[in-house]
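Engineer: What follows is a single structure, and I will ask about it in a moment.
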Amino acid sequence: MNGCGRDAIEAFFEMIRSGVPPDDQTFTGVLSACSHSGLVDEGMMLIHGHVSLGERVVEHLIELKAQEAGDYVLLLNMYSSAGNWDKVTEVRQFMKERGIQTTPGSSTIEFAGVVHEFTVDDISHPRHPEVYAALDEIGQQLRIAGYVPEISSELHNLSVDEKGYHLSYHSEKLAIAFGVLMTPPGKTVRIANNVRICVDCHNFAKVLSSAYNREVVIRDRSRFHHFRGGVCSCEDYW
Ligand SMILES: [Zn+2]
Ligand SMILES: [Zn+2]
């Protein structure tokens, strides 16, 4: 969570060196650390050749992730970003069988002492026509500044039956547009998000932070993203 993936791997090897055999819990820990820090190759290397252990770890992760529906989205993201569509289908089937519904992504922003909440394609906010108009305007400005909307296979695949993964009007973008609309130029926009931010919203916030010269802070499920001058504090690993 603090971006110390490499430290976790080091600690893992220190364990091995001192003769402590790793079990499925150890692997769960080190692989979580790898996934948090984008260390996909390292993670693959660590369970490579341990097929049965790998499966136990995945079961363990599923158990761990089974706490709430939103966590399944995290798991789906993990498999889809690894391009493992079989596992994506498997998890979906698992969710369907158990009647687990995913929580729709929502983003909140505080303004003048009131918390404003947005969900995907939301039209419940009293000022939504202005918010959508502002978002379209911002989108145009950001495209000029180099933002390219990303319709990756990840998003594409998730959007098939998950309304929460539409691209154009994600809750984060609506909340950002509201922040830009309501606050004076240069003011930091702070948003809290209940699911992991997608690649496209992350790009959007990066370009906005430089094109609009505004700091954007987004807290998602696993960390804080501080966008400033076109880059994010997470260094694009989250
Ligand atoms: Zn998004
Ligand atoms: Zn980030």
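Engineer: Identify, please: which residue in segment 182-238 is among the aromatic types (Phe, Trp, Tyr) and under 23 Å from ALA134 (Cβ atoms) and is, among those, nearest to ligand 1 (Cβ to nearest atom)? Please lay out each step first, then the result.
Structural biologist: As a first pass, look at segment 182-238 and keep what is among the aromatic types (Phe, Trp, Tyr): 204, 212, 224, 227, 237-238.
Subsequent filtering for residues that are under 23 Å from ALA134 (Cβ atoms) retains 204, 212, 227.
Numbers: PHE204: 8, TYR212: 18, PHE227: 14 Å.
Top of the filtered list is PHE204.
Engineer: OK, next. I need the full set of residues from segment 179-229 which are within 12 Å of ligand 2 (Cβ to nearest atom), free of Cβ contacts under 8 Å to residues at least 40 places away in the same chain and either part of a loop (DSSP other than H, G, I, E, B) or not assigned by TED's automatic domain parsing to the domain that holds TYR132 (or both), in order please.
Structural biologist: Selection gives ASP220 alone.
Engineer: Further, regarding this structure: So in segment 175-207, with the set limited to residues that are open to solvent by less than 40 Å² (accessible area, probe 1.4 Å) and more than 17 Å from the chain's Cα centre (by Cα), which one is nearest to ARG143 (Cα to Cα)?
Structural biologist: Per the stated criteria, the residue is VAL207.
Engineer: Next up: Which helices (runs of 4 or more DSSP H) sit wholly inside segment 1-116 and have at least 2 residues that are surrounded by 12 or more Cβ atoms within 10 Å (Cβ to Cβ) and at pLDDT 75 or above?
Structural biologist: Passing ranges, in order: 5-17, 24-36, 85-97.
The values are calculated or read from the model by the stated rules, or taken from the named source; none is laboratory data. The structure presented is a predicted model; accordingly, all values stated were derived computationally and were not measured. Glycine gets a Cβ as well: all are built from the backbone with ideal geometry, and neighbour counts include every protein chain shown. Note: areas computed on protein heavy atoms with side chains; ligands, DNA, RNA excluded. Shrake-Rupley method; radii C 1.70, N 1.55, O 1.52, S 1.80 Å.
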